[in-house]
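Since the structure comes first, as structure tokens, the remarks are kept for the end.
The values are calculated or read from the model by the stated rules, or taken from the named source; none is laboratory data. Bear in mind that the values here come from a model prediction, so they are computed numbers and not experimental data. For neighbour counting, all protein chains shown are included, and Cβ atoms are generated from backbone atoms with ideal geometry for every residue, glycine included.
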Amino acid sequence: MVVSEEEFSRLFRVRRTVMQMLKDRGYLVTDSEINMSKNDFKLKYPENLTREDLFISRTKKNDPSDQIYVFFLEKRPENTMVGTDAIRTCILRMESEGVYTAILVVQPKLTHYALQFFAEKSSKCHLETFQESELLVNITEHVNVPEHKVLTDSEKKTLLERYTVKESQLPRIQVTDPVARYYGLECEQVVRITRLSENSGKYMTYRYVV
């Protein structure tokens, strides 16, 4: 089945945001992959492109053993949602290849049973899900979204000792916050947020992920 021009453009934008997101999380992604033109995207992928063709595998810059898969899931032909079978196929591949972190990019939504299955499997491996509509634009490029950086354990310890506070006393950011989801923040992490001010230049605040 030949993909329409509109669908091709959509997938091009979604893939570009995913590549940016992976790079911002510390995975090995080249600038050429992020800046790929739409014409080059067409040359790379066939006219009968399926979402399965967009599969991505990357490792962390500082830890080659830390690997992530990105699966792009099609909706079921007889339904408007993505079902359990699609998730099960992804997990079986991860298990067979020893990968325990993945992002599932779904075309519309997951079915009720798929959501239950997803929640069950998320306890055994780190799974995240995004709808394509959430990835059409990179929200961190918006002028009102400041820079976020997760502190290392040593950086967090230094911060808490400097201000004589417990991490739970810091202002909070929900793990479900769109920016937190983009960066893949996890509960109990501390993130440094750098904002720009016309009066004082850069200033930093810290948030505890809950």
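Can we say ASN144 is closer than 28 Å to VAL106 by Cα and in contact with a helix residue (DSSP H, G or I) (Cβ under 8 Å, 6 or more places away or on another chain)?
So ASN144 fails the test.
Go through the range 140-165 and count every residue that is closer than 30 Å to GLU7 by Cβ and either buried (at least 16 other Cβ atoms within 10 Å of the Cβ) or at pLDDT 95 or above (or both).
Going through the range 140-165 one residue at a time, the tally reaches 1.
Against the definition (under 20 Å from the mean Cα position of the chain (by Cα), surrounded by fewer than 17 Cβ atoms within 10 Å (Cβ to Cβ), at negative phi and modelled with pLDDT of 95 or more), how does LEU22 come out, yes or no?
Here the answer is no, as LEU22 does not meet what is asked.
Check whether at least one residue in the range 114-123 is within 21 Å of VAL14 (Cα to Cα) and either outside any helix (DSSP H, G or I) or touching a Phe, Trp or Tyr at 6+ places or on another chain (Cβ under 7 Å) (or both), and report yes or no.
no
Determine which member of the set GLN131, GLN169, GLN174 is in the same structural domain as MET21 (by TED's automatic domain parsing) and not acidic (Asp, Glu). Before you say what the answer is, go through the steps one by one.
Numbers: GLN169 fails: in the same structural domain as MET21 (by TED's automatic domain parsing); GLN174 fails: in the same structural domain as MET21 (by TED's automatic domain parsing).
Among GLN131, GLN169, GLN174, only GLN131 is in the same structural domain as MET21 (by TED's automatic domain parsing) and not acidic (Asp, Glu).
Which members of the range 25-77 meet the condition of being touching a strand residue (DSSP E or B) at 6+ places or on another chain (Cβ under 8 Å), within 19 Å of LEU136 (Cα to Cα) and loosely packed, with under 12 Cβ neighbours inside 10 Å?
none
Out of the range 48-88, which residues are farther than 21 Å from LYS124 by Cβ, modelled with pLDDT under 85 and part of a strand (DSSP E or B)?
MET81
Mind listing whichever residues of the range 90-113 are small (Gly, Ala, Ser), more than 20 Å from LYS75 (Cβ to Cβ) and not in a helix (DSSP H, G or I)?
Correct list: GLY98 only.
Among the residues that make up the range 124-132, is at least one of them free of Cβ contacts under 8 Å to residues at least 40 places away in the same chain, more than 15 Å from PHE71 (Cα to Cα) and out of contact with any helix residue (DSSP H, G or I) (no Cβ under 7 Å at 6 or more places or on another chain)?
Within the range 124-132, one or more residues are free of Cβ contacts under 8 Å to residues at least 40 places away in the same chain, more than 15 Å from PHE71 (Cα to Cα) and out of contact with any helix residue (DSSP H, G or I) (no Cβ under 7 Å at 6 or more places or on another chain).
Being touching a Ser or Thr at 6+ places or on another chain (Cβ under 7 Å) and at pLDDT 90 or above, is that true of even one residue in the range 90-112?
yes
So how many residues does the range 171-191 have that are in contact with a Lys or Arg (Cβ under 7 Å, 6 or more places away or on another chain), part of a loop (DSSP other than H, G, I, E, B) and surrounded by 12 or more Cβ atoms within 10 Å (Cβ to Cβ)? Walk me through how you get there before you give the answer.
Initial filter on the range 171-191 (in contact with a Lys or Arg (Cβ under 7 Å, 6 or more places away or on another chain)): 171-173, 183-184, 190-191.
The next check asks that each one be part of a loop (DSSP other than H, G, I, E, B); those that pass are 171, 184.
Now restrict to residues that are surrounded by 12 or more Cβ atoms within 10 Å (Cβ to Cβ): 184.
Of the residues in the range 171-191, 1 are in contact with a Lys or Arg (Cβ under 7 Å, 6 or more places away or on another chain), part of a loop (DSSP other than H, G, I, E, B) and surrounded by 12 or more Cβ atoms within 10 Å (Cβ to Cβ).
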